[in-house]
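*Asks:* Below is a structure I'd like to ask you about.
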Amino acid sequence: MIILKSGLVKISLVDSNDHEFIIKTLSESDFFGEMSLLDGGRRSASAIAVEDTRVLILYRDDFVRLIKKNPGVALHLLTALTHRLRLTTDNISNLTFFDAYGKVARCLLDLADKIGRKKEEGIVLDVKLSRQELANMAGLTRETFARILKEFQVRGCLVTRGKQIIIVDKKILTNEVRLNMG
């Protein structure tokens with residue numbers, strides 16, 4: 001299992017046509033590779049550092065010894081895995097039932113929760129991912145993602161400056177997600 005000390009990592013799947021779907025992004029204190037740690041199986045997705053990243057590695061034998069000495073660690077891991085499973089279920093729901101606007105809004109709100117910094121001008125996202133990677137997170141083409149991003153700018157809920165996205169009216173994005181939830 002890999003534990004991030006610093007940096008940003010994207011977890012993704014790539015199909016036979018090299019189409020990437022970004023499952024999630026991880027930052028400081030997040031971890032990945034836990035499924036292999038638990039069952040000894042192969043990885044189910046790729047992990048790619050998006051920026052300089054420092055990690056700790058926990059090997060399966062060490063983990064088993066740790067669990068035997070401190071069973072509370074297993075409960076902590078199970079709680080984290082349950083949280084991830086809930087997020088994955090939400091993500092599947094979003095990709096299945098949301099229209100493109102809801103997908104972009106959900107993607108931006110998730111990033112705001114993960115990497116957003118509250119400033120006077122709004123929630124600032126210093127996005128290390130390309131527009132293509134953001135579109136991959138939302139399950140959309142780059143063109144569709146960019147078009148909707150511009151429409152959200154026209155509606156006054158965000159501003160873009162290069163790779164930086166500033167959410168100036170979170171309510172508009174939240175309402176877009178609610179509209180998609182029925």
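*Asks:* Using Cα Rg over 2.2 N^0.38 Å as the read-out, say which of [x] 1.36; [y] 0.99; [z] 1.12 was calculated from these coordinates.
*Replies:* Here the calculated entry is [z].
*Asks:* Report, to the nearest 10°, how far helix 100-115 tilts away from the longest principal axis of the Cα atoms in the chain, using its own Cα long axis and a range of 0 to 90°.
*Replies:* With rounding to tens, the tilt is 50 degrees.
*Asks:* Need the C-alpha centroid separation for segment 65-93 versus segment 128-182, integer Å.
*Replies:* What the calculation gives is 30 Å, centre to centre.
*Asks:* Identify which of Leu85, Leu108, Leu125 has the largest mean-square fluctuation in a Gaussian network model of the chain, with springs joining Cα atoms closer than 10 Å.
*Replies:* Between Leu85, Leu108, Leu125, it is Leu85 that shows the largest mean-square fluctuation.
*Asks:* Using a 10 angstrom cutoff on alpha carbons, build the Gaussian network for the chain and name the most mobile of Ile67, Ile23, Ile166.
*Replies:* Looking only at Ile67, Ile23, Ile166, the biggest GNM fluctuation is shown by Ile67.
*Asks:* Moving on. Between Val154 and Asp113, with labels modelled 7 Å along Cα→Cβ, what's the label distance in nm to one decimal, could you check?
*Replies:* The answer from the label model is 2.9 nm.
*Asks:* Here's a follow-up. Just from its helices, what would the mean residue ellipticity at 222 nm be for the chain, if runs of 4 or more DSSP H residues each count -39500 (n - 2.57) and the sum is divided by every residue, rounded to the nearest 500 deg cm²/dmol?
*Replies:* Theoretical 222 nm ellipticity from helices: -15500 deg cm²/dmol.
*Asks:* OK, next. PRE reach from Leu13 (point 7 Å along Cα→Cβ): which of segment 122-160 fall under 18 Å by backbone N?
*Replies:* 133-141
*Asks:* Restricting to DSSP loop positions (anything but H, G, I, E, B) with no more than 16 other Cβ atoms inside 10 Å of their own Cβ, which GluC sites (Glu not before Pro) remain in segment 116-182? Please list the in-between numbers first.
*Replies:* On the way: sites: Glu120, Glu121, Glu133, Glu143, Glu151, Glu176; in loops: Glu120, Glu121.
Hits after loop and neighbour filter: Glu120, Glu121.
*Asks:* What full-extension length gain, to one decimal in nm, is calculated for Lys163 and His76 as 0.36 nm per residue of separation minus the Cα-Cα distance?
*Replies:* Separation in residues times 0.36 nm, less the Cα-Cα distance, equals 27.8 nm.
*Asks:* Calculate, axis by axis, the spread of Cα positions in segment 2-95 along the three principal axes, and write the results as whole Å, longest axis first.
*Replies:* The principal-axis extents, from largest down, are 45, 31, 23 Å.
*Asks:* Another question, then. Considering only Val55, Val159, Val14, give the residue with the highest GNM mean-square fluctuation for the chain, with springs between Cα atoms whenever their separation is below 10 Å.
*Replies:* Maximum fluctuation in the GNM of the chain, among the listed residues, is at Val14.
*Asks:* Going Cα to Cα from Lys118, which aspartates and glutamates come in below 19 Å? Please leave out same-chain ones fewer than 8 positions away.
*Replies:* Hits, sequence-local ones excluded: Glu28, Asp110, Asp126, Asp169.
Read-outs: derived from the displayed coordinates by stated rules, not from any lab. Quick caveat, the model's predicted, so the values are computed rather than measured. Using ideal geometry, Cβ is built from the backbone for each residue, glycine included, and neighbour counts are taken over all protein chains shown.
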